[in-house]
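Here's the structure, in structure tokens; my notes come after.
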Amino acid sequence: MAISRLVFGVMLLLGTAAGAAEPLTVGVLAYRGEGRALERWTPTMDYLRDALPGRRFQIHPLDLDGMARALDDGDLDFLLTQPGQYGMLAPRYRLTRLATLRPADRGSARHATGSVLLVRADSRYRDPESLDGRPVAAVHPRAFGGFLLLRAELARQGIDAREAYDLRFLGYPVDRLLLRLQRGDVDAAIAPACLLERMDAEELVARTDFRALMIHDTAGDCLTSTALYPAWSFAALPGTSEALNSAVARALLRMPAEDGGRWGAPVSQARVERLLDELSLHPMRPPLSEQIAAWVARNRALVVLAALFALLGLLHHCWLQALARRRARQLHATHARLQSRERELAAAQRASLVGEMATELAHELNQPLAAIRNYAEGCLVRLRRDDPAHPLLPILHRIDDQAERGAAVVARTRASLRRETPPNRPVRLGPLIRHALALHEHPLRRRDVTVSVDVRPPELTACAEPHALEQVLGNLVTNAIEAYATTGCGGPLWIEAGTANDTAMIRVRDAAGGFPAAHLDEPFVGFRSTRPEGLGMGLLICRRLMTAQGGAIALANRDDGAEITLRLPLETDDDA
Amino acid sequence: MPEPDIHLVDDDASTGDACRFLLEGYGYGVTYWSAGTDFLAGATLEAAGCVILDLRMPRMDGTAVHAALRERRSPLGVVILTAHGDVPTAVEQMKQGAADFLQKPVNGTRLIAAVDTALARSRSAWEVRILAQRATTLSERERHVARLVRDGLTNRAIAERLHVAVRTVEVHRAAAMRKMGAHSSAELAALWQRVAD
């Protein structure tokens with residue numbers, strides 16, 4: 001606190017002594033380093049101080065990046081800058097040009113801006129194309145004399161310096177360009193015009209050690225590869241007053257020529273702007289990417305809203321996709337379940353069919369075997385009574401034994417095919433009927449059979465073995481479908497479930513012509529079918545499955561169709 | 001008592017014929033029926049005897065014939081014959097009063113044993129049936145006396161119980177014995193036991 005007050009006091013004292021309240025800061029591009037910038041511009045500052053009583057001017061040497069920072073921070077009152085830089089900075093910082101330094105002697109490059117492409121005098125490079133892929137030094141990607149001017153010139157010759165050359169941006173001060181080129185670190189250097197001549201004059205390098213490529217014919221006393229542009233402009237920042245600006249401009253215009261240069265009225269920026277345009281660096285017409293960025297910045301709210309909507313849309317889309325995927329997975333699972341159930345049922349039906357055929361066969365074979373045994377034994381009894389030592393007695397015994405052996409084979413085969421049916425359990429008939437129908441959905445639709453299901457009460461529960469009952473219903477539905485197939489047209493299929501006389505009852509009825517009379521007389525006989533390719537085992541299987549469940553099956557004709565009635569025990573309390 | 005008959009009910013004529021041949025070999029009199037309905041309509045169902053029923057027949061199967069016999073309180077003994085080893089159904093028929101069940105093809109010895117069991121049961125059932133018929137011919141007082149004889153009371157005790165003369169009891173008892181076909185008081189007691197009055 002005490003120190004800062006002291007410093008402030010000293011400054012006040014100094015200010016009073018110099019007759020000025022506060023020094024005005026003039027930013028300048030120190031392209032050859034701070035020392036040279038101070039050396040170059042201090043006489044001008046001194047002149048201005050003397051010309052404007054009560055004002056003090058101080059030089060603030062800056063490189064390109066430092067200048068942008070100082071401008072952003074509002075540290076500067078005036079700016080000494082080159083036309084290219086001015087063109088890029090003016091609109092953004094609302095600069096006002098007060099005067100332009102121009103050569104006193106026209107055709108001199110000393111107070112102009114130009115660019116030169118230098119190689120070592122002994123190098124093999126003769127033209128810019130031959131430098132393709134070689135290391136080339138430059139100052140800064142935005143340096144006007146140090147890079148941009150030559151880049152534009154090369155572009156006119158069809159060379160994109162940024163693509164063609166291995167560019168090395170060395171930064172300020174620019175002297176290091178020539179030093180590095182001389183040392184052989186790079187094969188060429190893009191340098192401001194007259195740098196070589198100045199350094200030669202200062203005996204830092206020898207001019208003869210270097211050679212310029214694409215020498216521009218307008219060049220005067222300096223080697224240059226490009227056209228020349230005005231060198232320095234003295235610009236005011238918006239913070240300075242109109243009166244001060246006028247006073248500074250007047251003083252500069254009155255200033256005597258020094259070092260072959262003289263301040264005059266600001267020259268046109270048209271050439272410079274055209275050049276910046278070519279390089280897509282024009283501040284008023286920024287590149288498309290910058291234009292978009294600017295628009296986005298201006299319409300932030302709108303952009304955010306749009307982005308939000310897009311995001312919501314995307315989320316919604318993803319959500320729908322996920323739903324669809326899940327639905328598809330569920331459908332797939334259901335389909336797979338149905339298919340596996342269908343396969344199981346088909347397998348059960350096959351097993352039932354084999355079992356039923358074996359039973360049928362056993363019955364058919366047993367009858368003659370029984371007859372053989374009985375005849376043989378009948379003979380034995382009679383013969384033994386007449387003559388206990390009759391020679392045919394052992395033979396009759398053998399006949400009996402062989403018949404018994406045959407019967408045993410049949411019994412064994414049948415026993416191995418018989419499947420133990422699982423015990424009954426409470427089964428809700430509504431869901432079971434619907435499930436059985438779902439398995440026959442396609443054939444029903446193909447035959448144009450419309451099914452109506454009526455279960456009363458809807459929660460009706462019977463004591464049954466669900467798989468067996470499903471198989472029975474499947475057989476009956478298949479029978480109905482086949483019956484309609486023989487009539488050639490579709491029709492109704494009624495399935496009703498209810499209770500009657502303390503039993504659960506399921507009625508399956510169609511309108512496809514019904515059973516033949518002979519069929520109803522002797523309903524459950526195997527190897528008989530109304531269909532040419534059928535075995536006639538379906539109803540036999542149904543009866544066996546129903547009997548195994550403690551139920552019953554009855555066939556009848558009603559109206560113009562078959563009616564099959566299934567009976568099952570109701571679910572009793574002790575079952576539950 | 002008439003010689004008990006054996007009825008054979010089987011839809012398969014050749015098996016039926018073979019079975020009859022076997023049974024006749026053992027000395028039984030056999031009547032063959034090819035359908036349950038024919039048997040129920042034509043046979044004497046009130047007599048003692050045996051019926052061999054094939055379980056599996058078209059139109060009217062063995063269980064239905066058996067049910068019809070029970071309904072008519074026939075004393076015929078029932079042997080179930082099954083070709084398809086339908087054991088649960090056969091067992092159910094046993095519960096309903098069948099004497100035995102046999103699987104085809106049947107062994108002669110087993111068949112004879114089953115037939116004999118059925119005949120014995122049938123005879124007993126037939127006798128009970130006859131006794132019950134006779135019992136209905138007794139007067140109220142004769143039935144009372146017969147009941148007390150069965151309970152082991154002497155004539156004197158019965159007379160005291162019924163407040164009648166001993167002579168009167170003797171008359172009633174003699175009438176009951178004659179009507180029931182008993183030759184002694186002990187026999188009357190045993191017969192009345194079977195009537196289970």
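The values are calculated or read from the model by the stated rules, or taken from the named source; none is laboratory data. Everything quoted here is computed from the prediction, not taken from an experiment. Cβ coordinates were reconstructed from backbone atoms using ideal geometry, including for glycine residues, and neighbour counts include every protein chain displayed.
Looking at (1) within 11 Å of another protein chain (Cβ to nearest Cβ); (2) touching a residue at least 12 places away in the same chain (Cβ under 8 Å); (3) part of a helix (DSSP H, G or I), which is the only condition B:SER14 fails?
(2)
Given A:ALA407, A:ALA348, which one is within 13 Å of chain B (Cβ to nearest Cβ) and surrounded by 17 or more Cβ atoms within 10 Å (Cβ to Cβ)?
A:ALA407
Identify the residue in the range A:351-395 that is surrounded by fewer than 17 Cβ atoms within 10 Å (Cβ to Cβ) and among the basic types (Lys, Arg) and, among all such residues, is nearest to the other protein chains (Cβ to nearest Cβ).
If we take residues in the range A:351-395 being surrounded by fewer than 17 Cβ atoms within 10 Å (Cβ to Cβ) and among the basic types (Lys, Arg), then A:ARG382 is nearest to the other protein chains (Cβ to nearest Cβ).
Determine whether A:SER280 is at positive phi, outside any helix (DSSP H, G or I) and not β-branched (Val, Ile, Thr).
yes
Checking the conditions here, which among A:LEU118, A:LEU79, A:LEU150 is within 19 Å of A:LEU195 (Cβ to Cβ), part of a strand (DSSP E or B) and touching a strand residue (DSSP E or B) at 6+ places or on another chain (Cβ under 7 Å)?
One residue alone meets the criteria, A:LEU118.
Only residues that are among the acidic types (Asp, Glu) and within 24 Å of A:ALA138 (Cα to Cα): list them for the range A:43-72, please. It would help to see each step written out before you state the result.
Pass one, the range A:43-72, residues among the acidic types (Asp, Glu): A:46, A:50, A:63, A:65, A:72.
A:ASP63, A:ASP65, listed by residue number.
Kindly list the number of the only condition in (1) closer than 15 Å to B:ALA118 by Cα; (2) within 14 Å of chain A (Cβ to nearest Cβ); (3) surrounded by fewer than 16 Cβ atoms within 10 Å (Cβ to Cβ); (4) not hydroxyl-bearing (Ser, Thr, Tyr) that fails for B:GLY29.
(2)
Which condition number does A:LEU223 fail, the rest of (1) crowded, with 21+ Cβ neighbours inside 10 Å; (2) over 53 Å from the mean Cα position of the chain (by Cα); (3) in a helix (DSSP H, G or I) being met?
A:LEU223 satisfies all of (1) crowded, with 21+ Cβ neighbours inside 10 Å; (2) over 53 Å from the mean Cα position of the chain (by Cα); (3) in a helix (DSSP H, G or I) except (3).
Restricting attention to the range A:24-55, which residues are surrounded by fewer than 19 Cβ atoms within 10 Å (Cβ to Cβ) and part of a strand (DSSP E or B)?
Residue satisfying the conditions is A:THR25 alone.
Among all residue pairs at least 6 apart or on different chains, which show Cβ distances below 6 Å where the first residue, located in the range A:135-154, is outside the structural domain of A:PRO83 (by TED's automatic domain parsing) and surrounded by 23 or more Cβ atoms within 10 Å (Cβ to Cβ) and the second is of a type in the set (Lys, Arg) and not in a helix (DSSP H, G or I)?
A:ALA137/A:ARG168
Could you run through the range B:91-129 and say how many residues are touching a Ser or Thr at 6+ places or on another chain (Cβ under 9 Å), more than 13 Å from chain A (Cβ to nearest Cβ) and of a type in the set (A, V, I, L, M, F, W, C)?
Of the residues in the range B:91-129, 3 are touching a Ser or Thr at 6+ places or on another chain (Cβ under 9 Å), more than 13 Å from chain A (Cβ to nearest Cβ) and of a type in the set (A, V, I, L, M, F, W, C).
Only one residue in A:ALA362, A:ALA347, A:ALA324 is more than 30 Å from A:CYS542 (Cα to Cα) and not charged (D, E, K, R), so which one is that?
Result: A:ALA324 is the single residue among A:ALA362, A:ALA347, A:ALA324 that is more than 30 Å from A:CYS542 (Cα to Cα) and not charged (D, E, K, R).
Which condition breaks for A:ASN479 when tested against (1) surrounded by fewer than 17 Cβ atoms within 10 Å (Cβ to Cβ); (2) touching a strand residue (DSSP E or B) at 6+ places or on another chain (Cβ under 9 Å); (3) among the polar types (S, T, N, Q)?
(1)
Can you confirm whether B:LEU23 is in a strand (DSSP E or B) and either over 30 Å from B:GLN133 (Cα atoms) or facing another protein chain (nearest Cβ under 9 Å) (or both)? Steps first, please.
Details: in a strand (DSSP E or B): no; either over 30 Å from B:GLN133 (Cα atoms) or facing another protein chain (nearest Cβ under 9 Å) (or both): yes.
Taking the combined requirement at face value, the residue does not satisfy it.
So which residues in the range B:130-158 are in a helix (DSSP H, G or I), of a type in the set (Gly, Ala, Ser) and more than 24 Å from the chain's Cα centre (by Cα), if there are any at all? Full working, then the answer.
Restricting attention to the range B:130-158, the residues satisfying the condition of being in a helix (DSSP H, G or I) are B:130-135, B:140-150, B:155-158.
Restricting the remaining residues to those that are of a type in the set (Gly, Ala, Ser) gives B:132, B:135, B:146, B:157.
The one that is in a helix (DSSP H, G or I), of a type in the set (Gly, Ala, Ser) and more than 24 Å from the chain's Cα centre (by Cα): B:ALA157.
Just for the range B:57-87: of the residues that are in contact (Cβ under 8 Å) with a residue 40 or more places away in the chain and either touching a Phe, Trp or Tyr at 6+ places or on another chain (Cβ under 6 Å) or surrounded by 22 or more Cβ atoms within 10 Å (Cβ to Cβ) (or both), which one is farthest from the other protein chains (Cβ to nearest Cβ)? Reasoning before the result, please.
Step one: list which residues in the range B:57-87 are in contact (Cβ under 8 Å) with a residue 40 or more places away in the chain, which gives B:57-58, B:62, B:65, B:73, B:75-78, B:81.
Filter once more, so that each one left must be either touching a Phe, Trp or Tyr at 6+ places or on another chain (Cβ under 6 Å) or surrounded by 22 or more Cβ atoms within 10 Å (Cβ to Cβ) (or both): B:62, B:65, B:75-78, B:81.
Numbers: B:GLY62: 13, B:VAL65: 16, B:PRO75: 26, B:LEU76: 21, B:GLY77: 20, B:VAL78: 19, B:LEU81: 9 Å.
The qualifying residue farthest from the other protein chains (Cβ to nearest Cβ) is B:PRO75.
Specify which of the listed residues (A:ILE481, A:ILE433) is in a helix (DSSP H, G or I) and over 21 Å from A:LEU568 (Cα atoms).
Result: A:ILE481 is the single residue among A:ILE481, A:ILE433 that is in a helix (DSSP H, G or I) and over 21 Å from A:LEU568 (Cα atoms).
At pLDDT 50 or above, surrounded by 10 or more Cβ atoms within 10 Å (Cβ to Cβ) and not acidic (Asp, Glu) - does that describe any residue in the range A:2-18?
no
Given the conditions (1) modelled with pLDDT under 85; (2) over 57 Å from the mean Cα position of the chain (by Cα); (3) surrounded by 18 or more Cβ atoms within 10 Å (Cβ to Cβ), report the number of the one that A:GLN549 does not fulfil.
Checking A:GLN549 against (1) modelled with pLDDT under 85; (2) over 57 Å from the mean Cα position of the chain (by Cα); (3) surrounded by 18 or more Cβ atoms within 10 Å (Cβ to Cβ), the one that fails is (1).
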